[in-house]
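Novice: Sharing a structure here in structure tokens format.
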Amino acid sequence: MGPSGCRKTTLLNILAGRALNGVTDKITQVEQIIDQLRIRKCADTPIMFISGGEKKRVNIGTELLMNPSVIFLDEPTSELDSTSAVSLMDVLRDLAMQGKTIITSIHQPSSQIFQSFDQLILLADGKTIFMGKPCNALPYFATMGYHSPSQYNPADYVMDLVSQDMKVREQLKEEYLQNKITKHVNTISNLLQSQYLLAEPSGNEADLTNPDNVNLISNKHESKWPIRFLSQMLILFSHAFFLTGKSQFTFLNFAQALGLAIISGLCWLRMDFSENTIPDRSSFIFFLMTFWPLHTMMHDLLSFPFERTVIEKERATESLGLHLGAAFKNLQHAITVVTVLLIGLMLVSGFFVRNLPHWLGVWGKWLSFLKYAYDACLQLQFKGGRISKCVDGSIISSCQNNPNGTFVSHEAIEFFDVGLNIGLNFLVLFGMFVIFRTLPYLALRFINNHTGRT
């Protein structure tokens, strides 16, 4: 005995010899669910390559991982052929036999599926017109003069019945309501005649008007989440890393990177190191610093609209594109914002326009992550002591006084107005990395938290 958090459960796990991380048990549970749902043959197949019926079973399997007592399914047999539908319902029937409650909506099942239900609620215009065992549906409607033809699918007849004109539907709703009222009246009448209702109080009942009794039965404070924050972060990080790796290391992405590398390499092939090639080298650096952030940003931006349902369902939480993808619910809005923002950051980075207006250049260039990456790569490219000849009209200060002389490679950096050294540039980039990983979390936690939970 002890208060919450005193490790009572941990003690029981130790006494029982149970692994605290439960990895073995979880793997066993997954294997059992795979066999239970009869999807062993496609266990190692990507989701996109399995059939529709198998996808339905996988969806059910993801819910079974939490071992729920109640499972809600919205038209699980839709878009399935009759054989796949019956097979899926057999699986659900097996789950029901294991003590789970399966609540499903369905449009027009076959007679075999119709008879497999334990209970049926038939709706018309949002009102109940029948509730009970499926085998009792036809006799119930027969009492109102609606007889089903012989050798006719009961589900088809019932659907035809509720699709009749308004007068028939109103009659069915009224009859069900009257039967329900009659049952309630009979139930109350039986209770009034029961000896338990007339029995004297035993005196052991708790008086809820007494604050002491209320305090005794009130729930003690428990942790809101069963898993610690750091554990959640590690699990989500591992999951995201695994999924990102599978989506990135594909043949298409490999071919894209290889093709761009070949084209870029041919354009800047065997370029000599001279003053004339300084603009070409800086252009190549700026191309790299612009393309890869844009490629990554658009990938992250597009990841959220298509996965928003999963994110909002699981309440799970890379960069600027990730932040914008999380902050904007409309994909078109997010693409517009990221396009304008990226072009603005390119313009103030110092490559296209070196002499920015004072009111803009004094602060705008320091907001561009491209500037820090560009400056750091320039210093890496031109550092060292490589000596080159000066040319006519040289922009290098040491060459302007001595046109026939030489200059050292690092002197070329003066032309690019590099403000920070390599270490500080990388430090600023790391700070931006942290900020734009934190902002998506805050956006998901507060901006998109329409359910009111945090």
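Novice: Go through the range 116-127 residue by residue and turn each phi into a ³J(HN,Hα) via Karplus (6.51, -1.76, 1.60, θ = phi - 60°); whole Hz please, and just put x for glycine and proline.
Specialist: After applying 6.51 cos²θ - 1.76 cosθ + 1.60, I find 7, 6, 7, 9, 10, 10, 9, 10, 9, 6, x, 10 Hz.
Novice: OK, next. When the Debye formula is applied to the Cα atoms of the range 108-190, each taken as the same point scatterer, what base-10 log of I(q)/I(0) results at q = 0.16, 0.19 Å⁻¹?
Specialist: The Debye formula, applied to the Cα set alone, gives -0.63, -0.86.
Novice: Two-decimal Rg/Rh of the range 328-382 from alpha-carbon positions, Kirkwood Rh?
Specialist: Dividing the radius of gyration by the Kirkwood radius yields 1.09.
Novice: Packing-wise, with mean Cβ within 10 Å as the measure, how do 163-173, 261-271 rank, highest first?
Specialist: Result, highest mean Cβ count within 10 Å first: 163-173, 261-271.
Novice: Sticking with this structure for a sec: Too long at a 28 Å Cα-Cα cut-off: which of 26/55; 365/389; 55/100; 133/173?
Specialist: Listed pairs above 28 Å: 365/389.
Novice: What FRET efficiency comes out for residue 65 versus residue 353 if R0 is 45 angstrom and r is the Cβ-Cβ distance? Round to the nearest 0.05.
Specialist: 0.25
Novice: For residue 187 and residue 115, compute 0.36 nm times the residue count separating them, minus their Cα-Cα distance, and round to one decimal in nm.
Specialist: Gain in length upon complete extension: 23.0 nm.
Novice: So, in nm, how far is label residue 78 from label residue 392 when the simple model puts each one 7 Å beyond its Cα toward the Cβ?
Specialist: So the label points at residue 78 and residue 392 sit 7.7 nm apart.
Novice: Using alpha carbons only, how many angstrom separate the centre of the range 41-71 from the centre of the range 407-421?
Specialist: First find each Cα centre; the distance between them is then 59 Å.
No lab work stands behind these numbers, since they all come straight from the coordinates. These numbers were taken from a predicted model, which means no experiment stands behind them. Quick reminder, even Gly has a Cβ in these numbers, built from the backbone with ideal geometry, and neighbours come from all protein chains shown.
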